[in-house]
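Here the structure comes first, spelled out in structure tokens, and everything after it is commentary.
Where a number appears in this text, it was derived from the coordinates with a stated rule and is not lab data. Please read all numbers here as calculations on a predicted model, not as lab measurements. Because the Cβ atoms are built from the backbone with ideal geometry, glycine has one as well, and the counts that use them run over all protein chains shown.
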Amino acid sequence: MRILGIESSCDETGIAIYDSERGLEAHTLYSQIELHLEYGGVVPELASRDHVRKTVPLIKQLLAESGLTLADLDGIAYTAGPGLIGALLVGAGIGRSLAWSLGIPAVAVHHMEGHLLAPMLEAEAPAFPFVALLASGGHTMLVQVEGIGQYQLLGETVDDAAGEAFDKTAKLLGLGYPGGPAIAKIAEQGTPGRFRFPRPMTNRPGLEFSFSGLKTFAVNTLAESAGDDQSKADIALAFEVAVAETMAIKCRRALEQTGLKRLVLAGGVSANRRLRQRLAVLAAERGAKLYYPRAEFCTDNGAMIAYAGCARLMAGQSEGLVIQARARWPLEQLSAVT
Amino acid sequence: MVLLSVRDDMAMRALGARLAGACLPGAIIYLVGELGAGKSTLARGFLRALGHEGSVRSPTYTLVEPYELPAGQIYHLDLYRLADPEELEFLGLRDWLTDNAILLVEWPQRGAGVLPAADVIVTIAYDGTARHVTVMAVSEKGRQIAVALAE
């Protein structure tokens, strides 16, 4: 079964083709390619959330580059939530109606399910069940994954996402965007132990996260320091250590609580080396194994949507003749695929 | 215009709650201040006071977080990541502008020209670890809110 996947829940327009026999056949992000004129790539600088003008040309180009046509598709999967309603409706509208016009089934995919299943696109995919830490600019959550559609939210951020904390702290330190790599770079010159940031919400039980306080702590620490480059490097290091340590504490609790031995790290923040190293140490201590998808499938992409949609369509699930998107959509409401 | 000194997080949330108590349906409130000034903290107090019980997630990445509360529909916006005010159209701004919906807007400068005018502008300035807050009315509705807030 060959599935076209469409992701348009926030900033990125991502398109992919996944085949249940051949695996991932093609995938692309609007922001990373040059769209050719013949496919409608006429506007050089489209606004980041202008999915309307990006999606159809991107689908056409990806099919052409893969030597495929619309007739080769057996189903269409699109992100139907959670996310920006205006952005979601574009993918849902195009995906649902294109499937209808082709006489093939369509399936509405939950964006976070896509992320949770992204490691399944790798050669060394984790077996179920596992614990997943999803940390990106927009999300920070721990999820127990028993199987496709069987998710239990163990905890999430009550305010800022981890990636957002990186971006804002970087901005406060006068660094560039995205904040993660910028902070990691100057943190290499940092003096260990000069500053100590709090580990938010670790001194009480639970798997909730809170990162907005770290930003304020960075502001105040910077104001009290000389504000020189060394102080900034020291603050960056202390911040990075605090985030990695906080996540390690929560992941350890999640593994203890669930008794599971597989930990998946996903989302853009998983590119952070200090975090990866810290979680690798944790996994080793607990006799567990750490998995992460390749970097391009950690951030928003169409491949994970095509994969998740393929699993659901293969199980006979599909969306009725309705174009529906949901800004809010609890993970627990998904139906299991058995 | 109302001038206030806010000592810490808790006081900022309390101010948000007071503002919620004084707020009127359909009000558009701009929240202005640097990163870490406490805009989201004030919004948190505002939403809690109107009956929201769950967590108040940052709208920085989602750009908008909608809330359906007994007091009505509230949209918490953060336009920090907006590259162009016209993007507000892609986000569905027109659907939010009903007679009764309250808009709390962080980084309203990024939406200039497309975002509707404010009724109230709340400005938060640093003073060490404390904050100076100015609540300025810029419409008749805003004036009523400011008067209620000062009481």
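Worth pointing out:
- Simple label model, 7 Å out from Cα along Cβ direction - A:ALA123 to B:ALA117, nm: 6.4
- Measuring max minus min along each principal axis, the C-alpha atoms of the range B:34-105 give extents of 33, 31, 16 Å (largest first).
- Partner aspartates and glutamates for A:LYS171 [C-alpha distance under 13 Å; skip if fewer than 8 residues away on the same chain]: B:GLU34
- Relative contact order of the range A:111-239, pairs being alpha-carbon contacts under 8 Å that are 6 or more residues apart, as %: 22
- Counting only other chain Cβ atoms within 10 Å of each residue's Cβ, the peptide B:74-80 averages 1.
- A Cβ-based charge dipole, computed about the Cα centre of the protein assembly as shown with Lys and Arg at +1 and Asp and Glu at -1, lands at about 1260 debye.
- Cβ-Cβ FRET estimate between B:ASP95 and A:GLU188, R0 fixed at 45 Å, reported to 0.05: 0.45
- Neighbours of A:GLY176 by Cβ distance under 14 Å: Lys/Arg scored +1, Asp/Glu scored -1, total +3.
- Taking label points 7 Å from Cα along the Cα-to-Cβ direction, A:VAL56 and B:THR129 give a separation of 5.8 nm.
- What you get for the range B:2-150, charging only the Cβ of Lys and Arg (+1) and of Asp and Glu (-1), is a dipole of about 500 debye around the Cα centre.
- Of all aspartates and glutamates in the structure, the ones whose alpha carbon falls short of 14 Å from that of B:LYS141, not counting any fewer than 8 places away in one chain, are B:ASP99, B:ASP119.
- Every Cα-Cα pair of the protein assembly as shown was included, and the share exceeding 30 Å stands at 49 percent.
- Rounded is the label for the range B:1-68, because a/c, from the alpha-carbon gyration tensor with a ≥ b ≥ c as root eigenvalues, stays below 1.5.
- Annotation: peptides A:131-139, B:141-149, ranked by per-residue average of other Cβ atoms within 10 Å with the highest first, follow the order A:131-139, B:141-149.
- Antiparallel %, DSSP beta bridges [both residues in chain B], to 5: 60
- Counting Cβ atoms of other protein chains within 10 Å of each Cβ in B:25-35 and taking the mean gives 1.
- Candidate lysines - alpha carbon under 19 Å from A:LYS261, same-chain residues fewer than 8 apart omitted: A:LYS250, A:LYS289
- Formal net charge of residues neighbouring B:ALA43 (Cβ-Cβ distance under 11 Å; K, R +1; D, E -1): +1
- FRET efficiency estimate (nearest 0.05) - Cβ-Cβ, A:MET1 to B:ASP8, R0 60 angstrom: 0.55
- The protein assembly as shown: antiparallel DSSP beta bridges as a percent of all, rounded to 5: 60
- Along the axis of the charge dipole computed for the range A:94-188 (Cβ charges of +1 for Lys and Arg, -1 for Asp and Glu, origin at the Cα centre), the listed residues A:GLY95, A:GLY147, A:LEU173 are led at the positive end by A:GLY95.
- Rounded to the nearest 500, the 222 nm mean residue ellipticity of chain B from helices alone is -8500 deg cm²/dmol, with -39,500 (n - 2.57) taken per DSSP H run of at least 4 residues.
- Cα gyration tensor category, rounded, prolate or oblate, for the range B:2-150 with a/c compared to 1.5: rounded
- GluC sites (Glu not before Pro) within the range A:86-176, DSSP loop, no more than 11 other Cβ atoms inside 10 Å: A:GLU124
- Residue list for the range A:253-273, given a label point 7 angstrom along the Cα-to-Cβ vector of A:GLN152 and an amide N cut-off under 14 Å: A:254-261
- Theoretical ellipticity at 222 nm over chain A - DSSP helices of four or more residues, -39500 (n - 2.57) apiece, nearest 500: -12500 deg cm²/dmol
- Pair B:MET136, A:ASP229: separation of 7 Å Cα→Cβ label points (nm): 3.9
- Counts of other chain beta carbons within 10 angstrom of each beta carbon in peptide B:50-58 average 4.
- The order of the peptides B:90-97, A:229-236 by mean Cβ neighbours within 10 Å, most packed first, is A:229-236, B:90-97.
- FRET efficiency for A:SER335 and A:ASN203, using Cβ-Cβ distance with R0 set to 56 Å, rounded to 0.05: 0.90
- Span-like helix ranges in chain A, DSSP H, alpha carbon extent 30 angstrom or more, Kyte mean at least -1.0: A:229-258
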